[in-house]
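Worksheet: the structure to be examined is printed underneath.
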Amino acid sequence: MNWKEHSSGGIGEACRATNAPGSAVEGERRTQARRRNVSTPTQQISEVMTEELTQRLQSFLGRVTISPPLAVGFSGIDGAGKTTQLRYLDEWLKACGLTTFPTKVVFHGMSAIYRLAEKMTGDPFAYHPIVPATLREFVIACDYAVHYFDVVEAELRAGKTILWDRSGFCYRVYAHAFGADLTWIRQVYELVPPLDIVFLLDAPADVAYSRLLRRREKPARADEHRSFLSKVRETYLVEAHREKHVVIVDASATPDETQVQIRRLLMSKLSEMLKGRKCECQGDL
């Protein structure tokens, strides 16, 4: 990853002006939130998020251009909070001046597996063990690679920060937990460049399962039992220590507290990348 300096002000100054207390944009956001009787993700974490962290990122973006842009992934067992935390981070990064592209793999090949499972069992998610794990997980790997080359790659070239809900690391861990032969599966995943950082949202199986039960709009699936979630979590923790780009986050905390961890870890990652680059930059992150 290369870095380029640009003049002071720019994104950082614009971000501060646009989102400063009392600004027109901030006022409109609060008005709209009150009308909906809900809080935006940024407002929800305001009590636990320090202003210093936001100012540091804004100042950094005012001095340095990240090229190519960051690619950030989210992993964790079902119910760990991947989608929620991605949404929170997305709003924060946009408020600080970054152009983001939240994404998630669209299953094309896997949709046929769902239909097959439904035909055989009446439940589209009862695919294991009826459909062999190695076959099924290979199809998922292909869907992942196609999504990168058809969708994500162009967004990276356009300078957007990628926020990937369920990274390749996530799917590989699930394939391992299902007992799939990873020989060919791993080769397909290796077609896709590794992400800069993957947040592993680590939550105990009981915590994640209780969240799934409260998710009325998306009932718990056949493969979301406590015992399996526990097995996947164990696999995650083992594999995470073998992947230098994976960072473990305590997701058993409240969503607000978890988001604070993610933002601080992201800042630390940016700091590491800044120190490793060849050109000089005024000041530190």
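The values are calculated or read from the model by the stated rules, or taken from the named source; none is laboratory data. Bear in mind that the values here come from a model prediction, so they are computed numbers and not experimental data. Ideal geometry is used to build each Cβ from the backbone, glycine not excepted, and the neighbour counts take in all protein chains shown.
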Contacts under 6 angstrom Cβ, first residue in the range 163-182 being assigned to a strand (DSSP E or B), partner of a type in the set (A, V, I, L, M), 6 or more apart: LEU163/VAL72; LEU163/LEU86; ASP165/LEU86
The range 80-114, residues that are under 27 Å from TYR209 (Cβ atoms), of a type outside the set (A, V, I, L, M, F, W, C) and in a helix (DSSP H, G or I): LYS82, THR83, THR84, GLN85, ARG87, TYR88, ASP90, SER111, TYR114
In the range 94-115, residue surrounded by the most Cβ atoms within 10 Å (Cβ to Cβ) [restricted to those that are touching a Leu at 6+ places or on another chain (Cβ under 8 Å) and not polar (S, T, N, Q)]: CYS96
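For ALA112, indicate whether it is in contact (Cβ under 8 Å) with a residue 60 or more places away in the chain, over 18 Å from the mean Cα position of the chain (by Cα) and over 25 Å from GLU51 (Cα atoms). Step through it out loud before you land on a result.
On the way: in contact (Cβ under 8 Å) with a residue 60 or more places away in the chain: no; over 18 Å from the mean Cα position of the chain (by Cα): yes; over 25 Å from GLU51 (Cα atoms): yes.
Answer is no for this residue.
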Those residues that are assigned to a helix (DSSP H, G or I), touching a Lys or Arg at 6+ places or on another chain (Cβ under 7 Å) and hydrophobic (A, V, I, L, M, F, W, C), I need them from the range 186-213; list them, please. ALA205
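Does VAL173 qualify as being within 20 Å of ASP143 (Cα to Cα), buried (at least 19 other Cβ atoms within 10 Å of the Cβ) and touching a helix residue (DSSP H, G or I) at 6+ places or on another chain (Cβ under 9 Å)?
On the way: within 20 Å of ASP143 (Cα to Cα): yes; buried (at least 19 other Cβ atoms within 10 Å of the Cβ): yes; touching a helix residue (DSSP H, G or I) at 6+ places or on another chain (Cβ under 9 Å): yes.
It is true that VAL173 is within 20 Å of ASP143 (Cα to Cα), buried (at least 19 other Cβ atoms within 10 Å of the Cβ) and touching a helix residue (DSSP H, G or I) at 6+ places or on another chain (Cβ under 9 Å).
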Do you know which residues across the range 109-154 are within 12 Å of VAL192 (Cα to Cα) and of a type in the set (D, E, K, R)? ASP143, ASP150, GLU153
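Give me the residue from the range 249-259 that is of a type in the set (Val, Ile, Thr) and crowded, with 18+ Cβ neighbours inside 10 Å and, out of that set, modelled with the lowest pLDDT. Walk me through how you get there before you give the answer.
Initial filter on the range 249-259 (of a type in the set (Val, Ile, Thr)): 249, 254, 258.
Going one step further and asking which of them are crowded, with 18+ Cβ neighbours inside 10 Å, we end up with 249, 258.
On the way: VAL249: 96, THR258: 93.
Ranking the candidates gives THR258 first.
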Are any residues in the range 79-93 in contact with an Asp or Glu (Cβ under 8 Å, 6 or more places away or on another chain) and within 17 Å of ALA240 (Cβ to Cβ), and if so, which ones? ALA80, LYS82
State whether the residues of the range 181-204 include one that is at pLDDT 95 or above, over 16 Å from HIS241 (Cα atoms), touching a helix residue (DSSP H, G or I) at 6+ places or on another chain (Cβ under 7 Å) and among the small types (Gly, Ala, Ser). no
Just give me the residues in the range 214-240 being outside any helix (DSSP H, G or I), within 20 Å of the chain's Cα centre (by Cα) and either farther than 24 Å from ALA133 by Cβ or modelled with pLDDT of 95 or more (or both), in sequence order. ARG215
Test for ARG211: is it surrounded by fewer than 14 Cβ atoms within 10 Å (Cβ to Cβ) and at pLDDT below 95: no
Give the residue that is nearest to ASP78 (Cα to Cα), with candidates limited to residues of the range 178-187 that are surrounded by fewer than 20 Cβ atoms within 10 Å (Cβ to Cβ) and of a type outside the set (S, T, N, Q). GLY179
Give the residue that is farthest from THR183 (Cα to Cα), with candidates limited to residues of the range 115-126 that are free of Cβ contacts under 8 Å to residues at least 40 places away in the same chain and not in a helix (DSSP H, G or I). GLY122
Among the numbered conditions (1) of a type outside the set (S, T, N, Q); (2) surrounded by fewer than 17 Cβ atoms within 10 Å (Cβ to Cβ); (3) touching a Ser or Thr at 6+ places or on another chain (Cβ under 6 Å), tell me where PHE125 comes up short. (3)
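With the requirement that a residue be in a helix (DSSP H, G or I) and of a type in the set (Val, Ile, Thr), what does the range 241-259 give you? Steps first, answer last, please.
In the first step, residues of the range 241-259 are kept if they are in a helix (DSSP H, G or I); the result is 255-259.
Across the range 241-259, the qualifying residue is only THR258.
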